[in-house]
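These notes concern the structure reproduced below.
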Amino acid sequence: MCAEKIQRVLMAIVLGVTMALFLLPAYQQVAVIIQTFVIIMLLVWAVTDFCPSTWILRKLIGSCDQK
């Protein structure tokens, strides 16, 4: 797998864990914090066209463009 695909899978996993945490009353505050972080990172990606997680993964794994 390449960096872009791994980043999408990781984002889906984080959102899934966040949804599960919302079901547990003791962890709802943690879920809100994680969800807020994901929203902020998506806004940064949308406004600047720069995603820090994709950037790091490209350094470690390589891009899908480098086939």
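We did not get these values from a lab; they are worked out from the coordinates using the rules stated. All values derive from a computational prediction rather than experimental measurement. All Cβ positions, glycine included, derive from the backbone under ideal geometry; neighbour counts span all protein chains shown.
Considering segment 1-44, and only residues there that are within 21 Å of Gly62 (Cβ to Cβ) and either of a type in the set (Val, Ile, Thr) or surrounded by 15 or more Cβ atoms within 10 Å (Cβ to Cβ) (or both), the residue that is farthest from the chain's Cα centre (by Cα) turns out to be Cys2.
Of everything in segment 45-67 that is of a type in the set (A, V, I, L, M) and surrounded by 12 or more Cβ atoms within 10 Å (Cβ to Cβ), the residue that is farthest from Ile6 (Cα to Cα) is Ile56.
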